[in-house]
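A.B. asks: I'd like to ask some things about the structure below.
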Amino acid sequence: MLAACGGGQSRPKADLAASKVTTIGVNSYLWRASLDTLSFMPMMQTDSNGGVIVTDWYANPAAPTERMKLTVSILDQDLRADALRVAASRQILQNGQWIDAPVKAATVQKLEEIILTRARSLRHMAFGNG
């Protein structure tokens, strides 16, 4: 009898961990992971209800003639790969002026992977031990 009761208790917890854990408008694990991942960049806008993070231009001190600006959009309350979109802009400094330059697709994909991995880690830390 106790086994049946205990089994019913654990399933909702697993569903909660996999799905809609929010106190904001979007998945809180994706939100926190995005902020953590981009914490080295200056922030222009953060909207937790709309799920949008916009950074200001950031130039790596090791490559001061190149700068990046990112927009992260969290599109859902579920922790899924398709609930995250990263858009990047890149500029290079030529003759004292910033000129738009292409962004490698692999750059955006790598950022999305880093954010998703961090979000899954946060979820695991919150629910994996119980």
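The values are calculated or read from the model by the stated rules, or taken from the named source; none is laboratory data. Bear in mind the structure is a predicted one, so any value in this text is a computation, not a measurement. Neighbour counts are summed over all protein chains in view; Cβ atoms, including those assigned to glycine, are modelled from backbone coordinates with ideal geometry.
A.B. asks: Just checking, how many residues over the range 97-112 are of a type outside the set (A, V, I, L, M, F, W, C), surrounded by 13 or more Cβ atoms within 10 Å (Cβ to Cβ) and closer than 20 Å to N27 by Cα?
C.D. replies: Total meeting the criteria: 1.
A.B. asks: Would you check if there is a residue in the range 105-119 being over 17 Å from P42 (Cα atoms), part of a loop (DSSP other than H, G, I, E, B), touching a residue at least 24 places away in the same chain (Cβ under 8 Å) and among the acidic types (D, E)?
C.D. replies: Scanning the range 105-119, I find no residue that is over 17 Å from P42 (Cα atoms), part of a loop (DSSP other than H, G, I, E, B), touching a residue at least 24 places away in the same chain (Cβ under 8 Å) and among the acidic types (D, E), so the answer is no.
Table: residues versus (1) under 17 Å from the mean Cα position of the chain (by Cα); (2) of a type in the set (D, E).
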| residue | (1), (2) |
| --- | --- |
| P61 | no, no |
| E66 | no, yes |
| N95 | no, no |
| K104 | no, no |
| L111 | yes, no |
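Per-residue answers, yes or no, for (1) more than 21 Å from N49 (Cβ to Cβ); (2) out of contact with any strand residue (DSSP E or B) (no Cβ under 9 Å at 6 or more places or on another chain); (3) at pLDDT 95 or above; (4) not aliphatic (A, V, I, L, M):
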| site | (1), (2), (3), (4) |
| --- | --- |
| Q77 | no, yes, no, yes |
| R85 | no, no, yes, yes |
| Q91 | yes, no, yes, yes |
| Q94 | yes, yes, yes, yes |
| D100 | yes, no, yes, yes |
| A106 | yes, yes, yes, no |
| Q109 | yes, no, yes, yes |
| E112 | yes, no, yes, yes |
| L116 | yes, no, yes, no |
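A.B. asks: Right, something else. Any idea which of (1) touching a residue at least 24 places away in the same chain (Cβ under 8 Å); (2) of a type in the set (D, E, K, R); (3) outside any helix (DSSP H, G or I) is the one R123 doesn't satisfy?
C.D. replies: That leaves (3) as the condition not met.
A.B. asks: Of a type outside the set (V, I, T), modelled with pLDDT under 95 and more than 15 Å from the chain's Cα centre (by Cα), is that true of G50?
C.D. replies: no
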